[in-house]
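Inspection log for the structure reproduced underneath, given as structure tokens.
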Amino acid sequence: MLDRVRRIPLGARLAIGALAVAAASAGTIANDRNGDGADEATKAPTYRGPSGGGHSWMPSLARRRPVVWAVGDAADGGATGRAVAAMVASHRVDRLLYLGDVYETGTAAEFASNYRPLYGRFDAITAPTIGNHEWPNLATGYVPYWTAARGTPPPLRYAFTVSGWQLISLNSNLPTDTAQEAWLSAEIRRTPGYGTCRIAFMHHPRYSAGLHGDLTALQGIFDELRGHATIALAGHDHDMQRLHPIDGITPFVDGAGGRELYPVNRDDPRLAFFDDTSHGALRIELRPGRADLSFVDQTGRTLDRSTVTCRQA
């Protein structure tokens with residue numbers, strides 16, 4: 001599995017070259033007002049509204065209690081994926097995090113037939129991350145789709161803001177990419193006011209009790225996130241998982257967007273919740289200093305609720 005993740009296809013290399021300038025200019029998105037006060041130690045968490053949100057690839061969101069949905073491994077053209085997408089669409093959606101995989105190989109035709117009918121209505125407010133299925137055809141599927149949807153090429157990694165939280169999209173298909181680690185480190189240093197109020201999202205999970213298991217090659221990324229983030233989201237394993245915090249970060253897996261489900265190791269002591277019999281998505285309501293998260297199945301039934309808190313610097 002690790003060899004497959006590390007291998008960079010020709011199409012992906014071409015796309016990376018074409019996107020180098022875009023990644024450098026658009027990777028850091030929408031600076032926020034720091035909201036500095038005289039007494040940082042005692043004041044309540046600050047709403048950090050965007051100062052330039054309308055001018056970047058993924059606009060930051062000024063709403064004070066937005067609802068963000070995260071879902072992965074959904075776009076295979078099947079009825080189950082359509083049911084999950086319809087469930088999500090029946091609720092308020094302020095931002096959508098698509099955690100990757102447009103089946104089978106992420107071609108332009110599959111984006112048109114499998115992804116757009118499900119989540120195309122949310123293209124203007126969707127923050128995608130690259131799945132392993134679209135990675136081989138990055139230059140002809142993922143990049144053209146999101147370029148057409150948004151007018152500029154999608155960065156391979158980027159950050160934006162939602163109600164006092166910084167959300168960071170990372171490319172887990174290059175888990176040991178030192179340039180990505182350096183970018184993440186610089187982004188964290190550039191925005192110290194968020195403290196631990198960060199959510200990292202990517203396709204492959206660093207920690208999982210599912211079929212694919214842990215991806216230890218992502219440890220460098222998580223070393224950078226340690227002490228600077230409290231939530232990590234991923235797909236890839238076709239199930240729903242909430243693990244106990246690891247190094248201060250609570251890992252969530254939601255690859256149950258529509259594809260066939262994978263079994264979870266029920267004996268894994270890291271599990272706080274899992275469901276490997278239902279398809280669904282993760283609902284996240286954000287406010288400064290707090291995230292309320294719920295796994296919701298395709299019928300709209302809430303399977304699990306949890307709260308993660310953070311502190312701003």
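Here Pro269 meets the list (1) touching a residue at least 60 places away in the same chain (Cβ under 8 Å); (2) surrounded by fewer than 24 Cβ atoms within 10 Å (Cβ to Cβ) almost entirely, failing just condition (1).
Could you list, ordered by first residue, the pairs with Cβ atoms under 6 Å in which the first is in segment 178-189 and of a type in the set (S, T, N, Q) and the second is open to solvent by less than 50 Å² (accessible area, probe 1.4 Å), at least 6 apart or interchain? From residues that are of a type in the set (S, T, N, Q), the pairs are Gln180/Arg157.
Could you pull out every one of the strands (runs of 3 or more DSSP E) wholly within segment 206-313 that has 2 or more residues that are over 24 Å from Tyr115 (Cα atoms)?
Where strands (runs of 3 or more DSSP E) fall fully within segment 206-313 and carry at least 2 residues being over 24 Å from Tyr115 (Cα atoms), they are 240-243, 250-254, 271-275, 280-287, 290-297, 302-309.
Residue check: His238 meets all listed conditions (1) open to solvent by 30 Å² or more (accessible area, probe 1.4 Å); (2) under 20 Å from the mean Cα position of the chain (by Cα); (3) over 21 Å from Asp94 (Cβ atoms) but one, namely (1).
So, restricting to strands (runs of 3 or more DSSP E) that lie completely within segment 91-175, which ones have at least 3 residues that are within 22 Å of Ile221 (Cα to Cα) and in contact (Cβ under 8 Å) with a residue 40 or more places away in the chain? Walk me through it before giving the result.
On the way: elements: 95-98, 126-128, 158-162, 165-169.
So the answer is 158-162, 165-169.
Per the conditions (1) in contact (Cβ under 8 Å) with a residue 24 or more places away in the chain; (2) touching a Ser or Thr at 6+ places or on another chain (Cβ under 7 Å), the sole criterion not satisfied by Gly193 is (2). Could you say whether any residue in segment 183-192 is within 29 Å of Arg226 (Cβ to Cβ), open to solvent by less than 10 Å² (accessible area, probe 1.4 Å) and among the charged types (D, E, K, R)? There is at least one residue in segment 183-192 that is within 29 Å of Arg226 (Cβ to Cβ), open to solvent by less than 10 Å² (accessible area, probe 1.4 Å) and among the charged types (D, E, K, R). Among the residues of segment 66-90, the ones that are open to solvent by 30 Å² or more (accessible area, probe 1.4 Å), under 18 Å from Leu261 (Cβ atoms) and not in a helix (DSSP H, G or I) come to 2 in all. Screening Thr302 on (1) surrounded by fewer than 17 Cβ atoms within 10 Å (Cβ to Cβ); (2) farther than 19 Å from Val71 by Cα shows it passes everything except condition (2). Find the residue count for segment 138-162, including only residues that are surrounded by 24 or more Cβ atoms within 10 Å (Cβ to Cβ) and among the polar types (S, T, N, Q). Here the count works out to 1.
Of Asp223, Asp276, which residue is surrounded by 16 or more Cβ atoms within 10 Å (Cβ to Cβ) and at pLDDT 95 or above? Answer to the check: Asp276.
The values are calculated or read from the model by the stated rules, or taken from the named source; none is laboratory data. All figures in this text were calculated on a predicted structure; none of them were measured in a lab. Glycine also receives a Cβ, built like all others from the backbone with ideal geometry; neighbour counts cover every protein chain displayed. When the accessible area is computed, the model is the full protein with side chains, heavy atoms only, and any ligands, DNA or RNA have been set aside. Shrake-Rupley method; radii C 1.70, N 1.55, O 1.52, S 1.80 Å.
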